[in-house]
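Engineer: Sharing a structure, written as structure tokens. Questions coming.
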């Protein structure tokens, strides 16, 4: 586990600012919750933009919709990133887009034999034995200032790197790991440092005003698939074809009658047999 301690990571980083304030702990409740507290308690000098907190084990890790995220110590990448974008609230989805793109590109670079994509909105998927399986996920938590801008954003990421079949958790979406999908162990340090470099580059491009929508949409495996969507809030289930997204990344689903629904938040299951 020493490959992810401070000295090892700092010497391997190629970023300019992202991850230069880096904290490693063997075990923690939640990296998101702890980093959120660090951002609230300290000024920007104590917790600057680009601060990264990584743990080898989370006892209270969670993903979207408050679902637990579990991984055996030393087998996954479990970390959170602090950003201070000062973007309008409408651009919050850009953060999830660039984060998921960074993960996809890092996996493609470190594990070139794997086919990787994104299941809307932010599940990281790889192909294994002819089917898509979930290898990771993202969680965004943000705070707004008095002008409706994103003052702080915490991006939490969890990636199953070297979990064995016996270590995989039970989940609605069949999970896997990079080890199982690719057939060989993956260097967590190599994947982590490449991921941070990709994230920094994508973030800086977004800061310049260029939307990540097109690049993100190109990686969506959901488009063109028959899906079942359970909407957050009302619990309504919709069935149809995922036909695209709007300009903010909300999923568009067309049902059998030709009606188009725009999903801002929901749980998507691929239904290829429908």
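Every read-out reported here was derived from the displayed coordinates using simple, explicitly stated rules and does not represent laboratory data. It should be emphasised that the depicted structure is a prediction, and the values quoted were computed from it without experimental measurement. Virtual Cβ from ideal backbone geometry, glycine too; neighbours counted across all protein chains shown.
Engineer: Considering the chain as a Gaussian network with a 10 Å cut-off on Cα pairs, which listed residue, 245, 31, 262, attains the greatest mean-square fluctuation?
Structural biologist: 262
Engineer: For residue 213 and residue 5, calculate 0.36 nm times their separation in residues minus their Cα-Cα distance, and state this gained length in nm to one decimal.
Structural biologist: This chain segment gains 71.5 nm when fully extended.
Engineer: In what sequence do 177, 214, 30 fall when counting other Cβ within 10 Å, fewest first?
Structural biologist: 214, 30, 177
Engineer: Further question on the same structure: Per the Kirkwood definition applied to all pairs of different Cα atoms, how many angstroms is the hydrodynamic radius of the range 143-274?
Structural biologist: Evaluated over the range 143-274, this radius sits at 17.9 Å.
Engineer: Turning to a different aspect of this structure: Based only on other Cβ atoms within 10 Å, what is the fewest-to-most ordering of 129, 97?
Structural biologist: 129, 97
Engineer: Below 8 Å, C-alpha to C-alpha, sequence gap of six or more: please give me the relative contact order for the range 226-270 in percent.
Structural biologist: For the range 226-270, the relative contact order is 39 percent.
Engineer: Does the chain classify as rounded, prolate or oblate by the C-alpha gyration tensor (a ≥ b ≥ c root eigenvalues; a/c under 1.5 gives rounded; else a/b over b/c gives prolate, otherwise oblate)?
Structural biologist: Oblate shape, in that a/c is at least 1.5 and b/c is the bigger or equal ratio.
Engineer: Report the residue, chosen from 189, 259, 58, that carries the largest GNM mean-square fluctuation when the chain is represented by alpha-carbon nodes joined by springs under 10 Å.
Structural biologist: Comparing 189, 259, 58 in the GNM, the peak value goes to 259.
Engineer: Here's a follow-up. So which residue, out of 70, 228, 204, gets the largest mean-square fluctuation from a GNM of the chain using Cα contacts under 10 Å as springs?
Structural biologist: 204
Engineer: Between residue 37 and residue 141, what is the spin-label point distance in nm, taking each point 7 Å from the Cα along the Cα→C-beta axis?
Structural biologist: 1.1
Engineer: Between residue 262 and residue 45, what length comes free when the chain is fully extended (0.36 nm per residue of separation minus the Cα-Cα distance, one decimal in nm)?
Structural biologist: 74.0 nm
Engineer: Which order do 17, 94 fall in if you start with the one that has the fewest other Cβ atoms within 10 Å?
Structural biologist: The order, fewest Cβ neighbours first, is 17, 94.
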